[in-house]
1. Quick check, is Leu202 at pLDDT below 95, among the aliphatic types (A, V, I, L, M) and open to solvent by 20 Å² or more (accessible area, probe 1.4 Å)?
2. Looking at Leu184, Leu223, Leu227, which is the one that is crowded, with 23+ Cβ neighbours inside 10 Å and assigned to a helix (DSSP H, G or I)?
3. For the condition more than 13 Å from Thr197 (Cα to Cα) and touching a strand residue (DSSP E or B) at 6+ places or on another chain (Cβ under 6 Å), what is the one hit in Arg114, Arg69?
4. Since Trp259 meets every condition but one in (1) modelled with pLDDT of 80 or more; (2) hydrophobic (A, V, I, L, M, F, W, C); (3) under 28 Å from Glu179 (Cα atoms); (4) touching a helix residue (DSSP H, G or I) at 6+ places or on another chain (Cβ under 9 Å), which condition does it not meet?
5. Scan Asp44, Asp88, Asp6, Asp56 and give me the residue that is surrounded by fewer than 20 Cβ atoms within 10 Å (Cβ to Cβ) and in contact (Cβ under 8 Å) with a residue 40 or more places away in the chain.
6. Please work out which one of (1) charged (D, E, K, R); (2) open to solvent by 40 Å² or more (accessible area, probe 1.4 Å); (3) out of contact with any Lys or Arg (no Cβ under 9 Å at 6 or more places or on another chain) is the condition Asp39 fails and give its number.
7. Is at least one residue of the stretch 152-162 open to solvent by 20 Å² or more (accessible area, probe 1.4 Å) and assigned to a loop (DSSP other than H, G, I, E, B)?
8. Condition check: surrounded by 21 or more Cβ atoms within 10 Å (Cβ to Cβ) and touching a residue at least 24 places away in the same chain (Cβ under 8 Å). Does Ala210 satisfy that?
Amino acid sequence: MSSAIDVAVIIPAYNSEHTIERAIQSCHGLQGCTVIVVDDGSQDQTATVARACGADVISQKNAGASAARSTGLRTASRDFIVFLDADDELIAPGVLESLSLLRRHPSASVAAGRVIGVLPNGTERLLDRSYERVDADELIIKGFGAWPPAASVIRRNSLQSAARLSIPSLQTRYAEDYEMLIRLSLSGDVIMHEHPTTRYRLFAGKSSKAPVEAIRDKERIRLHYSLQLGVPARLMTDAELRAAASMRAARSAAANGEWAWTVVWAMRTMAASPSFIIGKLLDRARSSSVSSAKA
């Protein structure tokens with residue numbers, strides 16, 4: 001392998017002066033990669049810190065992470081792309097494995113590894129993988145993303161192909177990563193490996209702060225592609241959506257040690273849809289049984 005790798009890491013950043021240095025430094029194990037920070041209208045020293053760390057910085061008015069990624073992509077000239085959130089980190093050996101897989105499999109649009117979740121208290125754990133295979137049908141039927149953006153390396157040509165699909169894309173504030181992976185899966189194969197590729201801050205993203213809106217946008221995307229592709233998918237009822245949002249809020253509150261709010265959100269979850277909770281518990285029990293059988 002040559003001394004420099006053909007990868008551009010694009011980091012959308014908003015008021016991220018306290019985390020952006022760590023994110024950029026995590027890219028240094030990818031010798032010769034390009035790091036592009038898109039300062040999305042920050043009111044702090046995000047751009048100054050990023051430049052001091054050696055990143056190329058583009059500043060724009062606040063338009064959201066999706067628009068910031070698009071801005072960075074227009075500037076990037078490398079053949080392979082990684083989208084890294086400003087509070088997360090890359091794990092270089094795993095990223096290199098993804099890159100190697102894409103080079104060996106020209107039909108693949110995405111290669112992704114495992115995710116190490118980082119709780120607010122700093123505790124780390126390897127997250128379970130929810131997909132045995134990733135394609136458009138599975139994404140629509142299951143109704144959630146397979147991994148956070150930084151878990152994968154994406155072929156630049158596949159991103160361009162995904163943008164040119166005859167199926168129109170949606171404009172949503174949340175769940176853009178979910179839609180992007182659906183479109184990429186229609187543009188090429190999605191392959192997975194077992195090496196960790198990113199450290200991902202749990203309960204820290206914008207969807208944790210607005211769970212109802214995030215899940216509603218995800219269901220909008222799911223309905224759109226279900227209709228466009230003829231893939232049958234049972235959408236969440238309004239009660240299930242509210243229960244799922246309350247459950248997400250309860251988990252976030254618990255992770256941040258906000259125990260009073262944990263109880264409040266847990267009660268709201270049960271009130272919204274008891275059957276949803278029972279279904280989740282049964283799914284977890286089945287998953288545990290399968291894991292035990294494989295062990």
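1. yes
2. Exactly one residue qualifies, and that residue is Leu184.
3. Within the list Arg114, Arg69, the selection yields Arg69.
4. Failing condition for Trp259: (3).
5. Being surrounded by fewer than 20 Cβ atoms within 10 Å (Cβ to Cβ) and in contact (Cβ under 8 Å) with a residue 40 or more places away in the chain holds for just one of Asp44, Asp88, Asp6, Asp56, which is Asp6.
6. In the conditions (1) charged (D, E, K, R); (2) open to solvent by 40 Å² or more (accessible area, probe 1.4 Å); (3) out of contact with any Lys or Arg (no Cβ under 9 Å at 6 or more places or on another chain), Asp39 misses (2) alone.
7. No; the residues of the stretch 152-162 include none that is open to solvent by 20 Å² or more (accessible area, probe 1.4 Å) and assigned to a loop (DSSP other than H, G, I, E, B).
8. no
The values are calculated or read from the model by the stated rules, or taken from the named source; none is laboratory data. Computed from a prediction, not measured in an experiment: that's the story for all the values here. Backbone-built Cβ (ideal geometry, glycine too); neighbour counts: all protein chains shown. These area figures cover heavy atoms from the full protein model, side chains too; ligands, DNA and RNA do not enter into them. Shrake-Rupley method; radii C 1.70, N 1.55, O 1.52, S 1.80 Å.
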